[in-house]
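No lab work stands behind these numbers, since they all come straight from the coordinates. Source: prediction; values computed, not measured. Cβ coordinates were reconstructed from backbone atoms using ideal geometry, including for glycine residues, and neighbour counts include every protein chain displayed.
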Amino acid sequence: MIVLKRQTRSFEKLLDEHSCKQIKERHESGQLVNDRVGAAGVAAHLLSTAVLSSQLTMASYVTDFYNSKNIFITGGTGFVGVCLIEKLLRCCPDIKNIYLLMRSKKGKQIMERLEELTKNSVFNRIREEKQTDLFKKLIAIAGDVGEENLGLSSQDRTILIDTVEVVFHSAATLDFEADLKTTTNVNLLGTRRIVQLCREIKRLKVLVHVSSAYVNAVLHNVDEIIYPAPADINTILKLVDTLDDATLNSKTPEILKNHPNPYTFTKHLAEHEVLNGGFPATIVRPSMIAGAWKEPVPGWTISKNGPQGFILGASKGVIRRLPVAKHLIYDYIPVDMVVNSLIVAAYNVDRDSDKGLKVYHCTSSTCNSFKWESIEKEINIYLHNYPIRSAVWYPYLKFLPSLFLFRISAIFVHFIPAYILDAITRLCGGRPILVRLHTNVNRSLERLEKFIFQEWRFNNPRLLQLHESLSLEDQKLFTLDVRPLIWKDYFTDLIQGVRTYLHNESPKSLPKARSKHKILTIAHLGLQATLLGLIWWLVKILFATTWTKTGLVVPITYILFDQL
């Protein structure tokens, strides 16, 4: 049966070829004309072949794999986690239960957080299709990957050990500012704790570990293999356990060597924990995860990281410049592609006779590369076509080729306006946020400089081969192929998704937003004219000359500021 599943499309082709050959032979021998059932027999034969072929084509073996299975997910409240839960519930409705490792947060207990989770916009489609009974399959388990034994009670641990068959480990700290001690506890030891639990699970089919394409950031051309560990794990754990915080922080650059931050370092070490687990497992490495391409709806996002983060600020009119290497490849991957990769990777471990650990790159750099220069002209058109009512100024985004130019430009287009607007906000009794926002943006860009001005190529032939091995129905339901994606269309959807899901502005508000956009456009042009006129007047006064002789001041000033 497994062989049949893996050869669906070849079998369909064989059936078609066999049918045509049989009919041709009967026609040439005269049997077709003299056949007692004649045309009716041929029609019946073709119909039965078509029905069988259709049944094979429509079969979703991935969905079948998840039927009646219990799933355990860590990181289920994160960007990838909620999308994974939604996809499993919607496309694998006969799944038994999904256990979610959750901790109390901001005074909310896990049952309250679970109720809050089901109200997430990712589940809008399930609500629209009146399938909310599926939420009964979600079971919150109190725990934390950062605690010993995952913070599980003995009763909950027993439930997981006795019932779970598939584990998705997505929990991690993504904070690039987090110190080595914190990232080691969550990313490395958290994975070790999951591995220890999996060794005890009685009916375990597979552990799917969500890693990152950037765990090998020291390389520029990366394959779907596990590379040697950058350090001895036990040595690192001993250092983290024995050194005080100040000493450890001072030694961190020496420990990380060429790794850009503790995140990539500890996530790399975590892969070796999975490799040495001694049970069926697989690793999926996404690159920079962006909003949805297709599911649950095009453009859906709740993440403020990656491209949707600066689109969020640009659409407000507060982020106007970004340091970007326009000619380099930026490896973005839609979140629904990541989720499909996780779901299919688990299924493939169960059906594959080769039980060795496989790594999959869920990436775009080598199969559908994206460069910002390809949509540089369009990005502002998109922002103007889909404005927001809450914009504070006319949106206009410009890319600069270095952090140095960005910092100079930011003084004029970010910080000076921010100080003015924050002062006005304070006088009006509001809470000033713009100066703090731009300060945080600057800090973030300094941490991300290596990722902004460095190009990586993540080879992903194994993932594409996995896509080709699926049935036609599974290729539709759980596509792994990012090659058909058109980036201009994708960013059109993403900007609308940011508008809807991050700014919480419905499509119905577009007419009013466009009216405000016209007002902001006039105000922007008026301010530009006023500033240029003021500069022209100051030059005339300072040099005690005539308007005519200083006529070039305006175009020169405009060109200069446009470059910044």
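The slack between I381 and F404, meaning 0.36 nm per residue of separation minus the straight C-alpha distance, is 5.6 nm. When chymotrypsin sites (Phe, Trp or Tyr not before Pro) are flagged only if DSSP places them in a loop and at most 14 other Cβ atoms lie within 10 Å, the longest unflagged stretch of the chain comes out as 1-452.
A simple rule links phi to the HN-Hα coupling: the Karplus curve 6.51 cos²θ - 1.76 cosθ + 1.60 with θ = phi - 60°, which for the range 294-299 gives 10, 10, x, 8, x, x Hz, with x for Gly and Pro.
The translational diffusion coefficient of the range 364-499, from Stokes-Einstein at 4 °C and 1.567 mPa s with a Kirkwood hydrodynamic radius over alpha carbon pairs, comes to 70 µm²/s. Here the sum of -39500 (n - 2.57) over DSSP H runs of 4 or more residues, divided by the residues of the chain, equals -15500 deg cm²/dmol at 222 nm, to the nearest 500. Site pair R443 and K516 shows an inter-label distance of 2.9 nm when each label is modelled 7 Å from Cα along Cα→Cβ. Measuring nothing but how far apart in sequence close Cα pairs (under 8 Å, 6+ apart) lie, relative to its length, the chain scores a relative contact order of 15 percent.
Taking 18 Å as the cut-off, the amide N atoms of the range 323-364 that come nearer than this to a point 7 Å along the Cα-to-beta-carbon line of L275 belong to 355-362.
Available extension along the chain between R457 and M111 is 120.3 nm, counting 0.36 nm per residue and deducting the alpha carbon span.
Less than 5 angstrom separates the built amide H of L138 from those of I98, all sequence-distant by 5 or more or on a different chain. If the limit is 32 Å between Cα atoms, which of K205/K267; K304/K371; K202/K304; K251/K371; K105/K137 go over it? Violating the 32 Å limit, Cα to Cα: K202/K304; K251/K371.
Taking 7 Å steps out from each Cα toward its Cβ at F176 and A423 produces label points 3.3 nm apart. In order along the range 377-391, the phi-based Karplus estimate (6.51 cos²θ - 1.76 cosθ + 1.60, θ = phi - 60°) of 3J(HN,Hα) comes to 6, 7, 4, 6, 4, 4, 5, 7, 6, 10, x, 10, 5, 8, 4 Hz; Gly and Pro are listed as x. Take the Cα of V392, go 7 Å toward its beta carbon, and the backbone nitrogen atoms of the range 434-452 under 14 Å from that spot belong to 434-441.
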